[in-house]
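S.K.: Here it is, the structure, as structure tokens.
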Amino acid sequence: MSKTKVKKMMFILSKATIENVYAAFIMANGARMEGIESEIFFTFFGLEAVQKKKLEHLHVATVGNPAMHIPTILGGLPGVEAFATKMMKKEMEELDIPPVGEFLEILSDSGCRLWACKLAVDMFHLKEEDLIDEVEGILTIGDFYNRADQEGTQLLFI
Amino acid sequence: MEKVISNKTISVNEEGYLTDFSQWDKEIGLEIAKEQDIEMTDKHWQVIDYIHDKFEKEEPLSIRGIKKSGVIDIKEFYQLFPGGPLKKATMIAGIPKPKSCI
């Protein structure tokens, strides 16, 4: 289908901070828009992005993030993270970047395949019904590598 | 760069996008679609009409906009224009490739 050398982009999302989640989503969606296959494997904290109860409550990291340009001690004060998150979401809405839930629908409708990591699902004691319907299944890392076993596939850990 | 399509000379950029929308007509759209292995149906033209409408209003195109368009859903959009739907649909519509990342 795609005439590009890159045929398939596979993302491993291990974090639940907004900036990381959006990086994965925008790149996975961008791949589909270029006619490149894409898949996302949600592992460890990345699983929060596909949990029904958590996905609309992801935050930007205000502690340990030098690009915030505020002292770390301030970043940890109550309300600072929520405020920074609110500001970032507002900026994104102005750029017509969809919220997490809507973005996941767009990705799934666009043919991006979404998978949950078995080990992380077990570790956090999650059940399939805790995850959004767009997640097609729970895979081991071996299953995921098998899906990557073709020419022109790139793997990216976020 | 110039290109002759259905006996008309049009200007295109290196990727094949028309550089002057006033040169576009339906026949040219049809020929560009053929080059992209797309056979145009009424549904395809409805999407092209939607794209022209947005272009005239100078509103940016995005996949989220397609979802909200009421013309077509995203799944169908990918089926109608396989291999990069917004890229291909805008090329057929004779307008520049969208610059948006989403």
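S.K.: Looking at the range A:82-96, is at least one residue in contact with a Phe, Trp or Tyr (Cβ under 7 Å, 6 or more places away or on another chain), within 28 Å of residue B:85 (Cα to Cα) and either touching a residue at least 24 places away in the same chain (Cβ under 8 Å) or not aliphatic (A, V, I, L, M) (or both)? Outline the logic, then answer.
M.R.: So in the range A:82-96, the residues in contact with a Phe, Trp or Tyr (Cβ under 7 Å, 6 or more places away or on another chain) come out as none.
Checked the range A:82-96: no residue is in contact with a Phe, Trp or Tyr (Cβ under 7 Å, 6 or more places away or on another chain), within 28 Å of residue B:85 (Cα to Cα) and either touching a residue at least 24 places away in the same chain (Cβ under 8 Å) or not aliphatic (A, V, I, L, M) (or both).
Table: residues versus (1) closer than 21 Å to residue B:61 by Cα; (2) in contact with a strand residue (DSSP E or B) (Cβ under 8 Å, 6 or more places away or on another chain).
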| residue | (1), (2) |
| --- | --- |
| A:17 | no, no |
| A:21 | no, yes |
| A:28 | yes, yes |
| A:31 | yes, yes |
| A:39 | no, yes |
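S.K.: Examine the range A:18-32 for a residue that is in contact with a Gly (Cβ under 7 Å, 6 or more places away or on another chain) and within 18 Å of residue A:153 (Cβ to Cβ), and state whether such a residue exists. Steps first, please.
M.R.: Here is the first cut: in the range A:18-32, the residues in contact with a Gly (Cβ under 7 Å, 6 or more places away or on another chain) are A:32.
Those left that are additionally within 18 Å of residue A:153 (Cβ to Cβ): A:32.
Within the range A:18-32, one or more residues are in contact with a Gly (Cβ under 7 Å, 6 or more places away or on another chain) and within 18 Å of residue A:153 (Cβ to Cβ).
S.K.: Quick test for you: out of A:47, A:74, pick the one residue that is farther than 30 Å from residue B:76 by Cβ, touching a Phe, Trp or Tyr at 6+ places or on another chain (Cβ under 7 Å) and either away from chain B (no Cβ under 14 Å) or touching a residue at least 60 places away in the same chain (Cβ under 8 Å) (or both).
M.R.: Details: A:74 fails: touching a Phe, Trp or Tyr at 6+ places or on another chain (Cβ under 7 Å).
Going through A:47, A:74 in turn, the sole match is A:47.
S.K.: OK, next. Report whether or not residue A:140 is polar (S, T, N, Q) and surrounded by 17 or more Cβ atoms within 10 Å (Cβ to Cβ).
M.R.: Values: polar (S, T, N, Q): yes; surrounded by 17 or more Cβ atoms within 10 Å (Cβ to Cβ): no.
No, not satisfied.
S.K.: Which condition number does residue B:55 fail, the rest of (1) closer than 23 Å to residue A:98 by Cβ; (2) among the hydrophobic types (A, V, I, L, M, F, W, C); (3) at pLDDT below 95; (4) buried (at least 19 other Cβ atoms within 10 Å of the Cβ) being met?
M.R.: It fails just one condition, (4).
S.K.: Another one. Of (1) away from every other protein chain (no Cβ under 14 Å); (2) closer than 27 Å to residue A:141 by Cβ; (3) among the small types (Gly, Ala, Ser), residue A:101 satisfies all except one. Which?
M.R.: (1)
S.K.: Within the range A:88-130, count every residue that is exposed (fewer than 13 other Cβ atoms within 10 Å of the Cβ), farther than 22 Å from residue A:31 by Cα and charged (D, E, K, R).
M.R.: The number of residues fulfilling the criteria is 7.
S.K.: Consider residue A:32 carefully, then state whether it is surrounded by fewer than 21 Cβ atoms within 10 Å (Cβ to Cβ), basic (Lys, Arg) and closer than 30 Å to residue B:89 by Cα. Full working, then the answer.
M.R.: Working: surrounded by fewer than 21 Cβ atoms within 10 Å (Cβ to Cβ): no; basic (Lys, Arg): yes; closer than 30 Å to residue B:89 by Cα: yes.
The answer is no for residue A:32.
S.K.: Could you tell me whether the range B:8-18 includes any residue that is assigned to a helix (DSSP H, G or I), modelled with pLDDT of 90 or more and not aromatic (Phe, Trp, Tyr)? Even if it seems obvious, please write down each step before you answer.
M.R.: First, pick out the residues of the range B:8-18 that are assigned to a helix (DSSP H, G or I): none.
Checked against the condition, which is being assigned to a helix (DSSP H, G or I), modelled with pLDDT of 90 or more and not aromatic (Phe, Trp, Tyr), the range B:8-18 yields no hits at all.
S.K.: Hey, another quick one. Which residues, counting only those in the range A:110-158, are in contact with a helix residue (DSSP H, G or I) (Cβ under 6 Å, 6 or more places away or on another chain) and of a type in the set (Val, Ile, Thr)?
M.R.: Result: A:132, A:135, A:138, A:140, A:158.
S.K.: Now for a separate question. Within the range B:56-66, is even one residue more than 25 Å from residue A:37 (Cβ to Cβ), part of a helix (DSSP H, G or I) and more than 14 Å from every other protein chain (Cβ to nearest Cβ)? Explain how you work it out, then say what you get.
M.R.: Taking the range B:56-66 first, the residues more than 25 Å from residue A:37 (Cβ to Cβ) are B:56-60.
Next, from what is left, pick out any that are part of a helix (DSSP H, G or I): B:56.
Subsequent filtering for residues that are more than 14 Å from every other protein chain (Cβ to nearest Cβ) retains B:56.
Scanning the range B:56-66, I find at least one residue that is more than 25 Å from residue A:37 (Cβ to Cβ), part of a helix (DSSP H, G or I) and more than 14 Å from every other protein chain (Cβ to nearest Cβ), so the answer is yes.
S.K.: From the set of residues in the range B:73-102 that are touching a residue at least 24 places away in the same chain (Cβ under 8 Å), within 12 Å of another protein chain (Cβ to nearest Cβ) and assigned to a helix (DSSP H, G or I), which is surrounded by the most Cβ atoms within 10 Å (Cβ to Cβ)?
M.R.: For the range B:73-102, the residue satisfying everything is B:89.
The values are calculated or read from the model by the stated rules, or taken from the named source; none is laboratory data. Worth saying up front: this structure is predicted, and the values here are computed from it rather than measured. Counting neighbours? That spans all protein chains shown, and the Cβs are built from the backbone with ideal geometry, glycine included.
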